[in-house]
1. From the list GLN129, GLN79, exactly one residue is polar (S, T, N, Q), under 20 Å from MET33 (Cβ atoms) and in contact with a Ser or Thr (Cβ under 6 Å, 6 or more places away or on another chain). Which is it?
2. Just need a number here: residues in the stretch 145-168 that are touching a residue at least 24 places away in the same chain (Cβ under 8 Å) and in a helix (DSSP H, G or I).
3. Which one is modelled with the lowest pLDDT, of the residues in the stretch 1-40 that are among the hydroxyl-bearing types (Ser, Thr, Tyr) and assigned to a loop (DSSP other than H, G, I, E, B)?
4. Any idea which of (1) within 18 Å of ALA58 (Cα to Cα); (2) in contact with a helix residue (DSSP H, G or I) (Cβ under 6 Å, 6 or more places away or on another chain) is the one PRO185 doesn't satisfy?
5. Filter the stretch 40-71 for residues that are touching a helix residue (DSSP H, G or I) at 6+ places or on another chain (Cβ under 7 Å) and buried (at least 18 other Cβ atoms within 10 Å of the Cβ); which is farthest from GLY183 (Cα to Cα)?
6. Name the single residue that is farthest from MET19 (Cα to Cα) among those in the stretch 83-138 being among the β-branched types (Val, Ile, Thr) and not in a strand (DSSP E or B).
7. So which residues in the stretch 136-162 are within 18 Å of SER108 (Cα to Cα), at pLDDT below 95 and not small (Gly, Ala, Ser)?
Amino acid sequence: MTEMTELILASGSKTRADMLTAAGVIFSTIRPMVDEDAIKDALVAEHAPARDIADTLADMKARSVSAIKPGKLVLGSDQVIFKDGILYSKAVTRDAATATLKGLSGGSHELVSAAVIYEDGQPVWRAAQSVKLTMRTLSDDYITHYLDAIGDAAYWSAGAYQLEGLGAQLFTRVEGDFFAVLGLPLLPVLDYLRRREILPL
């Protein structure tokens with residue numbers, strides 16, 4: 001990898017960073033300065049599809065970092081969860097996490113994970129993947145037990161779950177890409193990095 005093609009992950013997500021590291025990608029990380037809640041609220045008010053919301057959030061993250069890092073590839077990524085027209089964002093309190101799990105319990109929801117890569121302030125690549133997840137009916141006692149067990153991890157992702165961990169016990173069916181559920185359409189990203197010769201062919 002040359003200095004001019006260094007990859008920057010525009011994210012504060014440990015999960016996304018761990019995914020790239022495990023896949024053998026060399027990168028640095030910069031947390032983007034983006035008001036995600038304001039963007040989500042505006043798009044929901046416009047009845048934007050889940051895919052557009054995830055793509056816009058990923059785009060804004062990559063754009064904000066690309067503006068200060070010319071000559072670098074900047075990867076932004078985001079995911080959103082929709083069920084019955086309701087957008088579920090990251091919970092910030094125990095009560096909010098409980099409400100999220102009760103809302104998702106006993107049905108299917110759509111998770112869309114999007115990634116956008118910028119170079120010199122311009123988008124050069126984007127991808128999005130949609131996953132359908134079916135959650136079993138959760139009792140109040142189980143939700144309490146689950147949140148006790150995962151602690152602060154309940155606030156790391158939009159659905160208050162991590163499929164790679166104890167969150168797997170919440171589901172009866174997952175239709176789609178595993179990496180997308182974790183928050184990044186990893187395989188398409190890796191394909192693009194190979195085409196750019198940032199990863200070996």
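1. On the way: GLN129 fails: under 20 Å from MET33 (Cβ atoms).
From the options GLN129, GLN79, the qualifying one is GLN79.
2. 4
3. We begin by selecting, within the stretch 1-40, every residue among the hydroxyl-bearing types (Ser, Thr, Tyr); these are 2, 5, 11, 13, 15, 21, 28-29.
Then keep just the ones that are assigned to a loop (DSSP other than H, G, I, E, B); that gives 2, 11, 13.
Working: THR2: 42, SER11: 94, SER13: 90.
Here the residue is THR2.
4. (2)
5. My answer is LEU43.
6. Our first condition is that a residue be among the β-branched types (Val, Ile, Thr); within the stretch 83-138, this holds for 86, 92-93, 98, 100, 112, 116-117, 124, 131, 134, 137.
Now narrow it down to the ones that are not in a strand (DSSP E or B): 92-93, 98, 100, 137.
Numbers: VAL92: 24, THR93: 26, THR98: 27, THR100: 25, THR137: 30 Å.
Ranking the qualifying residues of the stretch 83-138, first place goes to THR137.
7. The initial filter retains those residues of the stretch 136-162 that are within 18 Å of SER108 (Cα to Cα), namely 136-139, 143, 157-162.
Okay, now just the ones that are also at pLDDT below 95, so 157-158, 162.
GLN162, the sole residue that qualifies.
The values are calculated or read from the model by the stated rules, or taken from the named source; none is laboratory data. Here the structure is a predicted model, which is why all the values come from computation and not from measurement. Using ideal geometry, Cβ is built from the backbone for each residue, glycine included, and neighbour counts are taken over all protein chains shown.
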